[in-house]
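Peer 1: Supplied in structure tokens, the structure appears directly below.
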Amino acid sequence: MASPTDITPADRQWLKITFNCPLPLLEPAADLIGVLSGVGVEQSPETPSGAFVSGFFQLGGPGDDPQEQEQVETADVILAKVNQQMTELFTLYGCTPEKPTITLLADQDWATSWQQYFKPFEIVPDLVIKPSWEDYRPSPGQHILELDPGMAFGTGQHASTQMALALIKKSIQETGPEQAVDVGTGTGILAMAAALFGVGQIIAIDNDPDAVAVAQENIANNNLAGQIQVSTTPVAQITGTYQLVCANIVHDVLVEMAPVLASLTTTGGHLVLAGILSGEQEENIITVYQKQGCRLLDRRYQEEWVALQLQRE
């Protein structure tokens with residue numbers, strides 16, 4: 001590990017500060033270091049003990065304008081500020097952070113340093129997520145989804161994503177749907193998985209144009225544009241009914257959307273809902289959707305999250 005005082009003028013380009021965070025602190029720690037950095041956040045894949053969260057901070061270089069250099073904080077100042085605020089955050093959760101790791105990066109290297117953490121992995125049985133820069137030879141029956149994250153985008157290993165994918169696969173095996181809707185598609189991972197598992201036509205929507213652009217690129221890269229139509233169309237404007245409807249969003253939005261999501265689901269069709277905290281949120285979602293004519297078929301738990309498989313009666 002380098003010390004800030006070891007940085008030579010030729011190296012003063014990017015400072016990467018990395019904290020080892022337990023699971024309950026991952027989201028608030030990433031949010032905080034993202035605000036402090038204002039440039040990029042990196043998170044390694046989650047393990048039972050947590051994950052590494054890093055922020056990137058620009059340093060002055062020998063070729064910089066002297067006036068601009070005066071506006072760039074030194075590595076010592078940056079490290080002290082980040083360490084103080086992260087320590088305060090850890091204290092709120094009754095934890096003490098380990099000493100952060102410091103890495104110096106050349107300007108051309110900092111934007112790709114996070115790639116070392118993203119390797120091919122089987123997110124659910126028979127579905128492997130791989131980045132474009134990694135080679136992977138699938139086993140018989142395995143599907144491959146090529147998905148490159150951005151610096152502020154997770155690897156697809158979030159508990160809600162894993163459980164939603166598992167229940168989508170289960171619903172497809174049980175009902176063999178020909179059509180599906182993915183609400184809040186994000187990167188398009190749920191829609192693309194559904195296509196690989198056999199759904200012929202999928203409508204994927206998101207209210208964020210940037211997310212739609214990312215999803216469109218991912219869908220094209222995986223040669224699935226013929227099966228998936230992605231847009232910013234509001235969910236209330238989707239017509240018809242579908243044998244599978246999925247939404248990995250958050251509790252409050254799922255409650256607000258309950259009438260329209262239920263109405264989009266054909267009788268006997270399945271709803272897969274994720275982004276829900278187990279306990280109070282879980283029971284409230286079940287109650288709300290039961291009032292819309294849906295019954296609970298299955299539920300999956302991971303960490304503090306739950307995903308639900310419902311059927312429209």
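Peer 1: So residue 293 fits all but one of (1) within 18 Å of residue 171 (Cβ to Cβ); (2) modelled with pLDDT under 95; (3) among the small types (Gly, Ala, Ser); what number is the exception?
Peer 2: Answer for residue 293: the failing condition is (2).
Peer 1: Sticking with this structure for a sec: Taking residue 60, is it in the same structural domain as residue 17 (by TED's automatic domain parsing), at pLDDT below 85 and not in a helix (DSSP H, G or I)?
Peer 2: Details: in the same structural domain as residue 17 (by TED's automatic domain parsing): yes; at pLDDT below 85: yes; not in a helix (DSSP H, G or I): yes.
Answer is yes for this residue.
Peer 1: Of everything in the stretch 267-294, what is buried (at least 17 other Cβ atoms within 10 Å of the Cβ) and part of a strand (DSSP E or B)? Give them in sequence order. It would help to see each step written out before you state the result.
Peer 2: Initially, the stretch 267-294 is screened for residues buried (at least 17 other Cβ atoms within 10 Å of the Cβ), giving 269-276, 281-282, 285-286, 288-289, 292, 294.
Hits for the stretch 267-294 are 269, 270, 271, 272, 273, 274, 275, 276, 294.
Peer 1: Okay, moving on. Give the residue, chosen from 152, 111, that is aliphatic (A, V, I, L, M), at pLDDT below 65 and assigned to a helix (DSSP H, G or I). Full working, then the answer.
Peer 2: Details: 152 fails: assigned to a helix (DSSP H, G or I).
Only one candidate qualifies: 111.
Peer 1: Are any residues in the stretch 124-149 aliphatic (A, V, I, L, M) and either assigned to a loop (DSSP other than H, G, I, E, B) or under 13 Å from residue 192 (Cα atoms) (or both), and if so, which ones? Steps first, please.
Peer 2: Let us first name the residues in the stretch 124-149 that are aliphatic (A, V, I, L, M), namely 124, 127-129, 144-145, 147.
Within the stretch 124-149, 127, 128, 129, 144, 145, 147 qualify.
Peer 1: Kindly indicate which of 180, 220, 213, 191 is within 16 Å of residue 248 (Cα to Cα), free of Cβ contacts under 8 Å to residues at least 60 places away in the same chain and not in a loop (DSSP other than H, G, I, E, B). Before you say what the answer is, go through the steps one by one.
Peer 2: Details: 180 fails: free of Cβ contacts under 8 Å to residues at least 60 places away in the same chain; 220 fails: within 16 Å of residue 248 (Cα to Cα); 213 fails: within 16 Å of residue 248 (Cα to Cα).
Exactly one residue qualifies, and that residue is 191.
Peer 1: Taking the criterion of being crowded, with 21+ Cβ neighbours inside 10 Å, in contact with a Leu (Cβ under 6 Å, 6 or more places away or on another chain) and in contact (Cβ under 8 Å) with a residue 60 or more places away in the chain, would at least one residue in the stretch 296-306 satisfy it?
Peer 2: Checked the stretch 296-306: no residue is crowded, with 21+ Cβ neighbours inside 10 Å, in contact with a Leu (Cβ under 6 Å, 6 or more places away or on another chain) and in contact (Cβ under 8 Å) with a residue 60 or more places away in the chain.
Peer 1: Related question: What is the residue count in the stretch 254-266 for residues that are within 20 Å of residue 173 (Cβ to Cβ) and surrounded by 19 or more Cβ atoms within 10 Å (Cβ to Cβ)? Quick ask: steps written out before the conclusion?
Peer 2: Keep residues of the stretch 254-266 that are within 20 Å of residue 173 (Cβ to Cβ), which gives 265-266.
Pick out the ones that are also surrounded by 19 or more Cβ atoms within 10 Å (Cβ to Cβ) and you get 265.
Counting residues in the stretch 254-266 that are within 20 Å of residue 173 (Cβ to Cβ) and surrounded by 19 or more Cβ atoms within 10 Å (Cβ to Cβ) gives 1.
Peer 1: Which number in (1) modelled with pLDDT of 95 or more; (2) out of contact with any Asp or Glu (no Cβ under 8 Å at 6 or more places or on another chain); (3) of a type outside the set (A, V, I, L, M, F, W, C) marks the one condition that residue 232 misses?
Peer 2: That leaves (2) as the condition not met.
Yes or no, residue by residue, for (1) surrounded by 15 or more Cβ atoms within 10 Å (Cβ to Cβ); (2) in contact with a helix residue (DSSP H, G or I) (Cβ under 7 Å, 6 or more places away or on another chain); (3) not assigned by TED's automatic domain parsing to the domain that holds residue 307:
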{"position": "167", "(1), (2), (3)": "yes, no, no"}
{"position": "170", "(1), (2), (3)": "yes, no, no"}
{"position": "173", "(1), (2), (3)": "no, no, no"}
{"position": "189", "(1), (2), (3)": "yes, yes, no"}
{"position": "202", "(1), (2), (3)": "yes, yes, no"}
{"position": "226", "(1), (2), (3)": "no, no, no"}
{"position": "246", "(1), (2), (3)": "yes, yes, no"}
{"position": "249", "(1), (2), (3)": "yes, no, no"}
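The values are calculated or read from the model by the stated rules, or taken from the named source; none is laboratory data. All values reported here derive from a predicted model rather than from experimental measurement. So basically every Cβ, Gly included, is an ideal-geometry build from the backbone, and we count neighbours across all protein chains shown.
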